[in-house]
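Just so you know, all these numbers are worked out from the coordinates, no wet-lab data involved. Since the model is a prediction, treat every value here as computed from it, not as a measurement.
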Amino acid sequence: MSDLRDPNGPLLPGHDEPLASEGGRRRRKRRSLPGCLAVLVALAIVAGGLYYAVTRGIDWVEDQFADPDDFAGPGRGKVSFEVVDGDSSAQICRNLKESGVVASVQACIDAAAADPESPGIQVGFYPLKKEMAADDAIDVLVDPAN
């Protein structure tokens, strides 16, 4: 007598298909590679966007609370700087930055605002140096002897 068993499982009387629950064998669907790849690419884009946003946010917060750039020292070389009639302190600080005397406009404005009792800056030419600390540059500009 030959073995009448089906290799896929036992047959019920009157049925030509094997039982699905017998032996726990079910056919699994194969996941498609393009679907998994699309999910991975989407996750990589989201992770990259989050990284970019977080680093930009941290830089912005640091800029808000950090001191403005300023040179440390008396400077080097010589610059003849002119203050023109009608220049505001902000304009003078922008001109100092453009001339290479101070590192940042904000450091210069902060230095000018630090001494409210100063006599002010007069129109004329002033002997300054390149890469001076903003406090030193403002001290030269407000000194009546200059």
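Rounded, prolate or oblate, given the Cα gyration tensor of region 73-146, with a/c below 1.5 counting as rounded? Since a/c stays below 1.5, the shape of region 73-146 is classed as rounded. The phi torsions of region 46-55, fed into the Karplus equation with coefficients 6.51, -1.76 and 1.60 and a -60° offset, translate into couplings of 5, 5, x, x, 5, 4, 4, 5, 5, 5 Hz, rounded to whole numbers, with Gly and Pro shown as x. How big is Rg to Rh over region 55-108, alpha-carbon atoms, Rh as the Kirkwood inverse-mean-distance radius? Using only Cα positions, Rg/Rh for region 55-108 is 1.09. Remark: relative contact order (region 83-128) = 47 percent; criterion is Cα-Cα distance under 8 angstrom and separation of 6 or more residues. Couplings 3J(HN,Hα) of region 60-74, computed from phi: 5, 5, 4, 5, 5, 10, 8, 5, x, 4, 8, 7, 10, x, x Hz, in residue order, whole Hz [Karplus 6.51 cos²θ - 1.76 cosθ + 1.60, θ = phi - 60°; x for Gly and Pro]. Look at the Cα gyration tensor of region 103-146: its axes a ≥ b ≥ c give a/c of at least 1.5 with a/b at or below b/c, and that counts as oblate.
Across region 98-108, computed HN-Hα scalar couplings (Karplus, 6.51 cos²θ - 1.76 cosθ + 1.60, θ = phi - 60°) run 5, 7, x, 7, 10, 7, 8, 5, 5, 5, 5 Hz from first to last residue, x flagging Gly and Pro. Summarising the amide proton neighbourhood of V79: residues at separation of 5 or more, or on other chains, whose placed amide H is nearer than 5 Å comprise L128, K129, K130.
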